[in-house]
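One structure is given below, encoded as structure tokens.
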Amino acid sequence: MRVFFVASEMAPFSKTGGLGDVTAALPAILRALGTDIRILVPLYPDRPRMEDLRKLCTVHIPFSTTTGELWSLYDQPYIWFLRQPEYFHRPGGPYQDPRGQDWRDNAERFAFLNRVAVEIVQGRVAELDGWRPDIVHLHDWQTGLVPYLLALEEKVGANRPATVFTIHNLAYQGRFAPEMLRRLHLPEEDFHPGGTELYGSFSFLKAGLVYADRLTTVSPRYAHEIQTPESGMGLDGLLRTRSGDLTGILNGIDTTIWNPGADPSLPAHFNSGSLTGKSACKTHLQSLLGLDTDHGMFLLGMISRLVEQKGCDLVLQLMPELMRRRIQMVILGTGDRHLEQWAQELAARYPGRMVAKIAFDECLSHQIEAGIDAFLMPSRFEPCGLNQMYSLRYGSPPIVHETGGLADTIQDAGDGSRDQGNGFIFRPATADALRNAIDRAESIFVQPEQWQRLQRRGMAEDYSWQQTAQQYITLYRSIFLNGSLEKY
Ligand code: ADP
Ligand code: GLC
């Protein structure tokens, strides 16, 4: 089976969140399981280096004189980068400028990626030796035009492969003014509520949701939630009509990168059999960050995009109260300026007790996962979430709001006496409910034997990609079996 992934980011080359982790790990494991896979991502500055790349060809797209180049990695030739310096070689991030504003031409930038993908998929790039996929697997709004463009080709009699669209986050909808249709050379006749229109805007996400053959999202609970008016972000009606085509498949984690037994970022290693190394990681983290090196402190951590979704404000509200107790806090994140400032102001008020690192720092994120006692994830909604699974693996029981993938992966430990659960779960998403969960966690933390049993239960769980990848393969096969590919 030939599968083509198209995505806007892929770790370690580009990553703003969990999407990059998923588009790195999932194709690799699908490939190991025998899928003939290729992935296309834009080439952003810095990584990979040009000397690690080989040029495959130049690609032309319809209606435009702008061309792009396809380059593949020498040592992983299934990874293809789209080089278009005007669109993608910029300072800042994949979606935003250095000041945190969305790039003004995001519609054109990602439409270009989508158009190039369609040229490849439809076999119009001669240099690719006839490689054409059976399934095209798209991720989030940045790739939502691909199913639509392929549906347009089918309308005029062309064959096309089947399309699978994965929702990583329904909140990001790629909405633009309707005038954008003309700029992107897209037909206006589909601009209506049953097509590409979302409440007066043209939406890349809506195009993906309406025109893809199958839809998936990244946890079973989120698949259910997005079909309700409370969590459907205005798309629940459409998702209910497509519920027969929508599956929730829980993400996995890359257990080679997130392995406390061999993680090169850590000063000491540990596993569920021996937790001694974790104490060394805690002391190291405390001194690295300028926290008081007091082993008895209950050290809490949060690593997150600092946006409303993640509930960081709930944690910040509680800080004055938590800082009166034997609790320390470390926050690593970037995002909304007011949340960044609020976190920094609090950290300045509680030296030795609270640290706010406003940065995107991969190495520090590993050191925090290993060095803290418990991880906070009070997300208002969370399609899947990866950090709670990293935390389980690193012996740092997660304290989470009961939503989406958090509810699917964390079971409550209660008061710890019954040897059950792997973390702490609260609802509703309020500072009070969060405080209550932190209180319960702390009361177990001060009983080291019970706490260690809780840590070990979490560390023993298997959230590797193996099972998840198998579910995607089953989905791809079902598309074959029910005949959607017959005419291809
Ligand atoms: P989301 O994709 O919504 O941001 P996830 O939990 O799925 O949430 O994934 C977030 C990923 O991004 C994790 O790998 C996390 O460690 C990483 N991450 C987020 N913020 C930072 C940061 N400031 N520094 C390093 N890694 C970060
Ligand atoms: C999104 C979601 C997150 C999920 C990630 C990877 O960014 O917010 O919950 O884990 O995608 O699927």
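Brief remarks on what is shown
- Residue pairs exceeding 23 angstrom between C-alpha atoms, taken from LYS278/LYS357; LYS15/LYS278; LYS55/LYS206: LYS15/LYS278; LYS55/LYS206.
- With the whole protein complex present, ILE135 retains an accessible surface near 0 Å², based on a 1.4 Å probe.
- Cβ-defined net charge surrounding ILE327, 13 Å radius [Lys, Arg +1; Asp, Glu -1]: -1
- Here the range 1-114 has 47 percent of its accessible surface on carbon and sulfur atoms, given a 1.4 Å probe and all protein chains in place.
- If the segment from GLU154 to PHE480 were pulled out straight at 0.36 nm per residue, it would be longer than the present Cα-Cα gap by 115.6 nm.
- C-alpha center-to-center spacing [the range 115-136, the range 199-241] in angstrom: 27 Å
- The residues of the chain expose on average 40 square angstrom of accessible surface per residue, using a 1.4 Å probe on protein heavy atoms.
- Selection from GLY416, GLN452, ILE479, by position along the positive dipole direction of the range 395-488 (Cβ): ILE479
- Kirkwood-type radius of the range 276-462, with distances r between different C-alpha atoms, in Å: 16.0 Å
- Sequence-distant lysines (8 or more away, or on other chains) whose Cα lies within less than 17 Å of LYS155: LYS487
- Positive-pole candidate from GLY335, THR283, GLY385, dipole of the range 276-462, charges at beta carbon: THR283
- Around the Cα centre of the chain, unit charges on the Cβ atoms of Lys, Arg, Asp and Glu (plus for the first two, minus for the last two) sum to a dipole of about 240 debye.
- Local electrostatic count, PHE191, Cβ distance below 13 Å [Lys/Arg +1, Asp/Glu -1]: -2
- Figure note: LYS206, LYS155 ranked by solvent-accessible area, largest first, 1.4 Å probe, ligands and nucleic acids not counted: LYS155, LYS206.
- Rounded accessible area of SER14 (nearest 10 Å², 1.4 Å probe): 10 Å²
- Per residue, the convex hull spanned by the Cα atoms of the chain measures out at 145 cubic angstrom.
- Extension reserve of the GLN96-ARG54 stretch, reckoned as 0.36 nm per residue once the Cα distance is removed: 12.3 nm
- The apolar share of the surface of the range 276-462, taken as the fraction of accessible area on carbon and sulfur atoms (1.4 Å probe, ligands and nucleic acids excluded), comes to 48 percent.
- Placing pseudo-labels 7 Å out from each Cα toward the beta carbon at SER274 and ARG453 gives an inter-label distance of 2.4 nm.
- For the set CYS363, CYS312, solvent exposure ranked by accessible area (probe 1.4 Å, protein chains only) runs largest to smallest as CYS363, CYS312.
The values are calculated or read from the model by the stated rules, or taken from the named source; none is laboratory data. For clarity, every value in this text was computed on a predicted model and none was experimentally measured. Neighbour counts are summed over all protein chains in view; Cβ atoms, including those assigned to glycine, are modelled from backbone coordinates with ideal geometry. These area figures cover heavy atoms from the full protein model, side chains too; ligands, DNA and RNA do not enter into them. Shrake-Rupley method; radii C 1.70, N 1.55, O 1.52, S 1.80 Å.
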